[in-house]
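In what follows, a single structure is set out as structure tokens and then discussed.
The values are calculated or read from the model by the stated rules, or taken from the named source; none is laboratory data. What you see is a predicted model; the values in this text were computed from it and never measured. Cβ: placed from backbone, ideal geometry, glycine included. Neighbour counts: every protein chain shown. Areas reflect the complete protein model, heavy atoms only, side chains present, ligands, DNA and RNA absent. Shrake-Rupley method; radii C 1.70, N 1.55, O 1.52, S 1.80 Å.
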Amino acid sequence: MSEQRTSVKEPTVTRRRAAGTELRSPGSRLDFALFYSEHLAVLTRFVMRLGASPYEAADAAQVAFVEAFPKWDQITAPRAWLRTVAARAYLRQVGLRDRPTGSLPDRPGGHCPLDEVVLREQEQRVYDALGMLPPRQRQVMAWHLDGFSHAEISGQLGITAEAVRQNYARARLSLKKALNLGVEGPR
């Protein structure tokens, strides 16, 4: 997939866009709607890589987009911003889920509303293996699988690039073992 970069707000800040999609009016409702339609499923999968169920992930992704809408023209790195907000929304859900309640809340029935998130058996094995990783390794791997560099991940998570590299290498090794792939030393 080719990547096209277009300046937004400041000349040094760029947004990644899907191939063939032009940024028509930065910060506009149309830009937001296009970004939403292109990235909702991707953001949902990102949150699932953090350990969320499809329902929890869809809810966290939706929360992130709802928070982004009123300040869309001020967000200079929307992919990273949305992932940070969605991850925090998911962690808040986990905290609420662990609190005892008087009665069990209703769970949505049927299928997840995002058909793009339906997993094949092999994908489910990968998500299960990701869920077995320690939280920091799972977090680093989720960002990496969404195309962020070690330096970008370092900046977003507030850890050193070396810590990102170590967590990534350990996560890869653990995933190879869990998925019964040829295990070799970290790269």
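When you scan the range 65-85, do you find a residue that is surrounded by fewer than 16 Cβ atoms within 10 Å (Cβ to Cβ), at pLDDT 85 or above, over 29 Å from Y168 (Cα atoms) and among the hydrophobic types (A, V, I, L, M, F, W, C), even just one?
yes
Do we find a residue being surrounded by fewer than 17 Cβ atoms within 10 Å (Cβ to Cβ) and modelled with pLDDT under 85 anywhere in the range 27-37? So that I can check it myself, show each step before the final result.
So the first thing to find is which residues in the range 27-37 are surrounded by fewer than 17 Cβ atoms within 10 Å (Cβ to Cβ), and the list is 27-30, 33, 37.
Next cut, modelled with pLDDT under 85 only: 27-28.
Yes: the range 27-37 contains one or more residues that are surrounded by fewer than 17 Cβ atoms within 10 Å (Cβ to Cβ) and modelled with pLDDT under 85.
Checking S149 against (1) open to solvent by 40 Å² or more (accessible area, probe 1.4 Å); (2) at pLDDT 90 or above; (3) farther than 21 Å from H39 by Cα: exactly one of these is not met. Which one?
(3)
For residues that are part of a helix (DSSP H, G or I) and either without any contact (Cβ under 8 Å) to a residue 12 or more places away in the chain or surrounded by fewer than 18 Cβ atoms within 10 Å (Cβ to Cβ) (or both), scanning just the range 38-54, find the one that is farthest from the chain's Cα centre (by Cα).
Of the residues in the range 38-54, the ones part of a helix (DSSP H, G or I) are 38-49, 54.
The next check asks that each one be either without any contact (Cβ under 8 Å) to a residue 12 or more places away in the chain or surrounded by fewer than 18 Cβ atoms within 10 Å (Cβ to Cβ) (or both); those that pass are 38, 41-42.
Values: E38: 13, A41: 9, V42: 7 Å.
Only one residue tops the list, namely E38.
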